[in-house]
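**Student:** Got a structure for you, written out below as structure tokens; questions coming shortly.
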Amino acid sequence: EVVDRAGTSPAGRWLPRRVLDHARQAARSTLWRRLEPRQAALASALLLGNREDLDPARALAFQETGTIHLLAISGLHVGIIAMAIGFLLRLLRVPRGQAAVLIALSAVAYTLLTDAQPPAIRASVLVVVFSSAVVLGRRPLQFHSLAVAALVVLVLNPADLFRTGPQLSFLAVAALMCGTGSRSAPTR
């Protein structure tokens, strides 16, 4: 087998993990090129989950103020991306079905770009399920959608469902669903 200077075979360069790592590094590099170093470090932590870019004093400030959770890529991040893409597509008057597909693809791409943590996977699966319902002209069932997300997390890494963080993430979403009266918006 032929091996290049980096110690990888030509086939090894096209592995999905390697492609995702390259995309993450490209996104990080773009932030560092376009922003001042202090802003780039914060943007990299907030958008990509790269906490190591923050100086220790700034990371400590987030911890002391109780806002350190903002630096963990979560379902909120995926939701914000999905809503922003949806708003942009609405402004561009993209048909609803096509917009739903683009929103779902954007959510999955962002989740993969940020290293696919369980809360982001949960949110991404919910976006995909709800987008699929729009495309199919069906009404999404909230708790069934959450169950599908739990199954996806379980399949990808069974241990994640037994960690406190993912459990609290699913519990918070279930509580929000209960608080909204468990109804879904009709699709037309």
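**Student:** What tally of residues in region 103-115 results from selecting those that are closer than 14 Å to residue 79 by Cα and either open to solvent by 20 Å² or more (accessible area, probe 1.4 Å) or of a type in the set (Phe, Trp, Tyr) (or both)?
**Tutor:** Residues of region 103-115 that are closer than 14 Å to residue 79 by Cα, as a first pass: 103-111, 114.
Checking the rest, the ones that are also either open to solvent by 20 Å² or more (accessible area, probe 1.4 Å) or of a type in the set (Phe, Trp, Tyr) (or both) come to 103, 105-106, 108-110.
Count: 6.
**Student:** Which one of the conditions (1) assigned to a loop (DSSP other than H, G, I, E, B); (2) touching a residue at least 12 places away in the same chain (Cβ under 8 Å) does residue 110 fail to meet, given that it meets all the rest?
**Tutor:** (1)
**Student:** When you check residue 156 against the structure, is it within 26 Å of residue 47 (Cα to Cα) and of a type in the set (A, V, I, L, M, F, W, C), yes or no? Working first, answer last.
**Tutor:** Details: within 26 Å of residue 47 (Cα to Cα): yes; of a type in the set (A, V, I, L, M, F, W, C): yes.
Yes; evaluated as a whole, the condition is true for this residue.
**Student:** (1) at pLDDT 90 or above; (2) assigned to a helix (DSSP H, G or I); (3) surrounded by 14 or more Cβ atoms within 10 Å (Cβ to Cβ): which one isn't true of residue 76, the others all being true?
**Tutor:** Every listed condition holds for residue 76 apart from (1).
**Student:** Here is a further query. Within region 30-42, take every residue that is part of a helix (DSSP H, G or I) and out of contact with any Lys or Arg (no Cβ under 9 Å at 6 or more places or on another chain) and give me the one that is modelled with the lowest pLDDT. It would help to see each step written out before you state the result.
**Tutor:** Looking only at region 30-42, we keep the residues that are part of a helix (DSSP H, G or I), and these are 30-34, 37-42.
Narrowing the set further to residues that are out of contact with any Lys or Arg (no Cβ under 9 Å at 6 or more places or on another chain) leaves 30-34, 37, 39.
On the way: 30: 94, 31: 92, 32: 92, 33: 95, 34: 95, 37: 89, 39: 92.
Checked region 30-42; the qualifying residue modelled with the lowest pLDDT is 37.
**Student:** Determine the pairs where a residue that is surrounded by 12 or more Cβ atoms within 10 Å (Cβ to Cβ), located within region 131-158, has a partner that is among the acidic types (Asp, Glu) with Cβ atoms under 9 Å apart, the partner being 6 or more residues away or on another chain.
**Tutor:** 153/160; 154/160
**Student:** Further question: So if I check each of 87, 62, which one is open to solvent by less than 50 Å² (accessible area, probe 1.4 Å) and aromatic (Phe, Trp, Tyr)?
**Tutor:** None of the other options fit; the residue is 62.
**Student:** Quick one: residue 161 ticks every box in (1) open to solvent by 40 Å² or more (accessible area, probe 1.4 Å); (2) closer than 30 Å to residue 98 by Cβ bar one, so which box is it?
**Tutor:** Evaluating residue 161 over (1) open to solvent by 40 Å² or more (accessible area, probe 1.4 Å); (2) closer than 30 Å to residue 98 by Cβ leaves (2) as the failure.
**Student:** Right, here's the next one. If we scan region 3-19, do we find a residue that is among the aliphatic types (A, V, I, L, M), modelled with pLDDT under 95, closer than 30 Å to residue 176 by Cβ and surrounded by 12 or more Cβ atoms within 10 Å (Cβ to Cβ)?
**Tutor:** Within region 3-19, not a single residue is among the aliphatic types (A, V, I, L, M), modelled with pLDDT under 95, closer than 30 Å to residue 176 by Cβ and surrounded by 12 or more Cβ atoms within 10 Å (Cβ to Cβ).
The values are calculated or read from the model by the stated rules, or taken from the named source; none is laboratory data. What you are looking at is a predicted structure, and each value in this text was computed from that prediction instead of being measured. Ideal geometry is used to build each Cβ from the backbone, glycine not excepted, and the neighbour counts take in all protein chains shown. The accessibility values were calculated without ligands, DNA or RNA, using every heavy atom of the protein model including side chains. Shrake-Rupley method; radii C 1.70, N 1.55, O 1.52, S 1.80 Å.
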